Amino acid sequence: MVEDTAVQSSEAAVALLESRESVPTTEPVEETPVDLKAPELYINRELSHLQFNIRVLEQALDENHPLLERLMFLLIFSSNLDEFFEIRVAEQLHQLKYGREAVGPDAMHPEKIISRISEICHAQIERQYQILNEILFPEMEAEGIHFLRRRLWTDEQREWIRQYFENNVVPVISPVGLDPSHPFPRLVNKSLNFIVELDGKDAFGRQTGMAIIPAPRSLPRLVRLPDEICEGEGDHLIFLSSLIHEFADELFPGMKVKGCFQFRITRNADLTFDFEEIEDLANTLRGELHSRKYGDAVRLEVDSRTPEELISFLQQEFTLNESQTYRVNGPVNLTRMMAVRDLVERNDLRYKPFSPGIPGKLKDQKDIFTALKQSDQLLLHPFQSFIPVVDLLRQSAKDPNVVAIKQTLYRTGVKSDIVNALVEAARSGKEVTVVIELRARFDEESNLHLASRLQEAGCLVVYGVVGYKCHAKAMLIVRQEGNKLVRYSHLGTGNYHSGTARLYTDYSFLTADQEVGEDVHKVFQQLTGMGKIQKLKKLYNAPFTLHAKMLEMIQREARHAKSGKDAHIMVKVNGLTEPKLIRALYDASRAGVKIDLVIRGMCRLRPGIPDLSENIRVRSIIGRFLEHTRVCYFANNGKPEVFAASADWMERNMLNRVETGFQLFGKNADRLKKEMDYYMMDNTQAWDLHADGSYTQAHPAEGEEPFSAQQALLDDFAR
């Protein structure tokens, strides 16, 4: 359970709970005036985002996960928190610095948000290191995975480590003594560094008393010792920080190191553009990428043993205050500990491997086009394989009857199977058009390389629409069949990346429906050319029709409920923050609609408020796989409608991005509803949201069997 320090509570929301009496959900609610824009009805977005990260940390304590996977959850918490500070905290500080304070529906001022974030993060980071030091390290030690502290090194190990230091560290490291001719160095975002206290004079007679050692990023943060110099079985690892601490004297010949302490700076890493001034997006982005490494400092992490005068020195150097300083009991760069996965071969301490399933019609199918003509195919990754999506593109690249391929790419990778197939198709003379979203956060540089590779192969590469990220997941294959051109389409909720398809839950929809194909064609026309909004027959797209369609569906369920008809809404997305959608859900709840929401991360809506949201249930699923599907179900008085999309229910997705949504029918719609039900049945990996913004983990009731949605889906589809 999340600790009290991690709970974002609203006194106003609690007051609402206490002042209103609950009414039966089966009776239509007599509508009384309610200000649905009242700030107390909304949870702060940043604090909700932080709560998701805390739920990830909780997995490190869940013994249902294998030991090394629990360690990974703890490290993912660090990685997530890095990005949270780089982007979300940095944005709040930027607003305060330039006097551009903006408040969301919750009306919480950035200064208060930053204060609350600091309070929560200090408590949770302290707790994170307690979990690592007091629980995970001892349990790994018991399993033969040893992280050797300096005092435990044998003479033989120490000599090997010294040789490693001299051969691998000394040649690439550059200590900087601080004096008038050597000012404080400009340190890269999230880099590992050491502040050193010195005594004595150097070769030039200088007596500075202080130096900085930046640890090169090329150096591994964990080093595995050879088995032959270790006693007993198991894996013996040392931290780079321990190694540098031990031999820091050798970096300052003739001087004495009085103290050596690690620290790390997190900087503002967001990229901002004045779109009216941009003439070439790719060139502008290339110019901005370097600055990301040296943005304003937003957080200082420092070894808790560091003397206060050195901490004060660092705070002054980076213009940070005490609330932005985090004293940690262990390595300051925990994310780099993920190297354990490659250094330790202990499959017994990891999740059991599985083979994703493949539907019978797509298994061993040499002609995927024939299979799609017979029936649409819906795949749920990672429980079902991503290979059919790749195979569609591979076959298209080789098929002489395929004349054109159109594809959106967001986070893919330069050397992926998808990209290789596009390159092959272009080189074989097919018309290949690729819409690349360069501004996929932290993948910008990779996407620039990707664009260059595709252009060199002869692909037509465009970067979407300036000011609107292209987040749509769409592929279109145009094939000559007899005397006509036939379109085959793929639409998805996730990225075209084989790696993430093994880690993220996402739907893929493959179809030969010609009306869908025509709609996908029109979406690509809007992305690559110019013109008025084109009317689509079967798809809904942001920023034009998707938001309005979702509002329409919610409002229709409300009308059904008021008329005593069957009304039920189910939504599963990564984030719910868009105010109009939230107000529509509040209205539907007041009308008596049963609403089940599975929101992985940010959720501004407060469930369980009497006379307002008592018919709304909100849960978050945290497990082996990152929940990433965006789907929704509307009962529609016995004629249910089911949709999937690339878009979350957030302002940026609905109003400021290019997204695609599509409806599913028949068996595919029934199947998706069943799989959504799994998430509502989950009593092991689900966290339920309360009106005050707190979450509690679900547990099986007395006599109830444990049920995990992700495990049930593995049982259904995988081997």
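The values are calculated or read from the model by the stated rules, or taken from the named source; none is laboratory data. Small disclaimer: the values here were computed from a predicted structure and weren't measured. Counting neighbours? That spans all protein chains shown, and the Cβs are built from the backbone with ideal geometry, glycine included. The protein model used for the area step is the full one, side chains on, heavy atoms only, and it has no ligands, DNA or RNA in it. Shrake-Rupley method; radii C 1.70, N 1.55, O 1.52, S 1.80 Å.
A few comments on the model shown:
- Matching residues, segment 228-245, being assigned to a helix (DSSP H, G or I) and either closer than 16 Å to VAL340 by Cα or open to solvent by less than 50 Å² (accessible area, probe 1.4 Å) (or both): ILE229, LEU240, SER241, SER242, LEU243, ILE244, HIS245
- The one condition from (1) farther than 30 Å from ALA211 by Cβ; (2) in contact with a helix residue (DSSP H, G or I) (Cβ under 6 Å, 6 or more places away or on another chain); (3) of a type in the set (Lys, Arg) that ARG150 does not meet is (1).
- Every pair of residues 6+ apart whose Cβ atoms lie under 7 Å, when the first sits in segment 485-511 and is on the phi > 0 side of the Ramachandran plot and open to solvent by 10 Å² or more (accessible area, probe 1.4 Å) while the second is modelled with pLDDT of 95 or more and among the charged types (D, E, K, R): none
- Scanning segment 417-433 for residues that are within 27 Å of the chain's Cα centre (by Cα) and not aliphatic (A, V, I, L, M) yields ASP417, ASN420.
- LEU713 satisfies every condition listed in (1) surrounded by 15 or more Cβ atoms within 10 Å (Cβ to Cβ); (2) part of a loop (DSSP other than H, G, I, E, B); (3) in contact (Cβ under 8 Å) with a residue 60 or more places away in the chain except (2).
- Scanning segment 637-659 for residues that are surrounded by fewer than 23 Cβ atoms within 10 Å (Cβ to Cβ) and under 17 Å from ALA548 (Cβ atoms) returns GLU641, PHE643, MET650, GLU651, ARG652, LEU655, ASN656.
- Test for ARG559: is it of a type outside the set (Val, Ile, Thr), farther than 19 Å from VAL435 by Cα and surrounded by fewer than 21 Cβ atoms within 10 Å (Cβ to Cβ): yes
- Taken over segment 681-719, the criterion of being over 21 Å from GLY601 (Cβ atoms) and among the small types (Gly, Ala, Ser) is satisfied by ALA701, GLY703, ALA712, ALA718.
- Qualifying residue in segment 260-270 (condition: open to solvent by less than 20 Å² (accessible area, probe 1.4 Å), modelled with pLDDT of 85 or more, among the polar types (S, T, N, Q) and under 24 Å from the mean Cα position of the chain (by Cα)): yes
- Of the listed requirements (1) assigned to a helix (DSSP H, G or I); (2) within 22 Å of the chain's Cα centre (by Cα); (3) not aromatic (Phe, Trp, Tyr), LYS674 misses just one: (2).
- Condition met for LEU476 (buried (at least 19 other Cβ atoms within 10 Å of the Cβ), modelled with pLDDT of 90 or more and touching a Gly at 6+ places or on another chain (Cβ under 7 Å)): yes
- Helices (runs of 4 or more DSSP H) completely within segment 381-460 that count 3 or more residues being within 21 Å of ILE368 (Cα to Cα) and open to solvent by less than 50 Å² (accessible area, probe 1.4 Å): 387-398, 417-427
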